[in-house]
């Protein structure tokens, strides 16, 4: 079953440390995604109820909000727990790292669009990434940065509002 292979891969991302709270969030996330594979809506309903209870429980225990509607790539890692809010409209590429205090979401309530993050995005503690923007590949978002404009590949975003700085040597 794909859910279990994804959870196994997630455990590898967390270096086998099943006690990491980010891993707990990923288990609930994977379960939430899996329940959508149940075609019959009547059969799916109890699984959806279980997901909603697990989602709220893990949210209370960890302070992390990661809806199962968010597409995440391989090796997605929540490096520190607490005060992490990710909009259901966001998306992540492969090898992304999110740290504590991060918000990835809507810039304003009228526009139902959140950031789309590329591959190899490293998000520092306390960063806020808001609005219908694209964060390119191989990007570092500095701690406490407020990003409200697109960030091109091979860049660093730091400050409030974030200033975009090209990396000296892009990743291969």
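The values are calculated or read from the model by the stated rules, or taken from the named source; none is laboratory data. Just so we're clear, the structure is a prediction, and the values are computed from it rather than from any experiment. All Cβ positions, glycine included, derive from the backbone under ideal geometry; neighbour counts span all protein chains shown.
Some points to look at:
- Residue within segment 51-60 that is in a loop (DSSP other than H, G, I, E, B) and touching a strand residue (DSSP E or B) at 6+ places or on another chain (Cβ under 8 Å) present: no
- Taken together, the criteria exclude residue 95 from residues that are within 26 Å of residue 36 (Cα to Cα), in the same structural domain as residue 162 (by TED's automatic domain parsing) and touching a helix residue (DSSP H, G or I) at 6+ places or on another chain (Cβ under 7 Å).
- Listed by position, the strands (runs of 3 or more DSSP E) contained in segment 130-172 that have at least 2 residues being in the same structural domain as residue 106 (by TED's automatic domain parsing) and farther than 22 Å from residue 87 by Cα are 155-158, 163-166.
- Check on residue 24, under 19 Å from residue 101 (Cα atoms) and either touching a residue at least 40 places away in the same chain (Cβ under 8 Å) or in a helix (DSSP H, G or I) (or both): yes
- Within segment 32-50, if we keep just the residues that are out of contact with any helix residue (DSSP H, G or I) (no Cβ under 7 Å at 6 or more places or on another chain) and not in a helix (DSSP H, G or I), the residue that is surrounded by the most Cβ atoms within 10 Å (Cβ to Cβ) turns out to be 36.
- Screening residue 74 against (1) in the same structural domain as residue 128 (by TED's automatic domain parsing); (2) under 16 Å from residue 11 (Cβ atoms); (3) surrounded by 20 or more Cβ atoms within 10 Å (Cβ to Cβ) leaves a single unmet condition, (3).
- Any chance residue 144 is surrounded by fewer than 18 Cβ atoms within 10 Å (Cβ to Cβ) and either out of contact with any strand residue (DSSP E or B) (no Cβ under 7 Å at 6 or more places or on another chain) or over 25 Å from residue 23 (Cα atoms) (or both): yes
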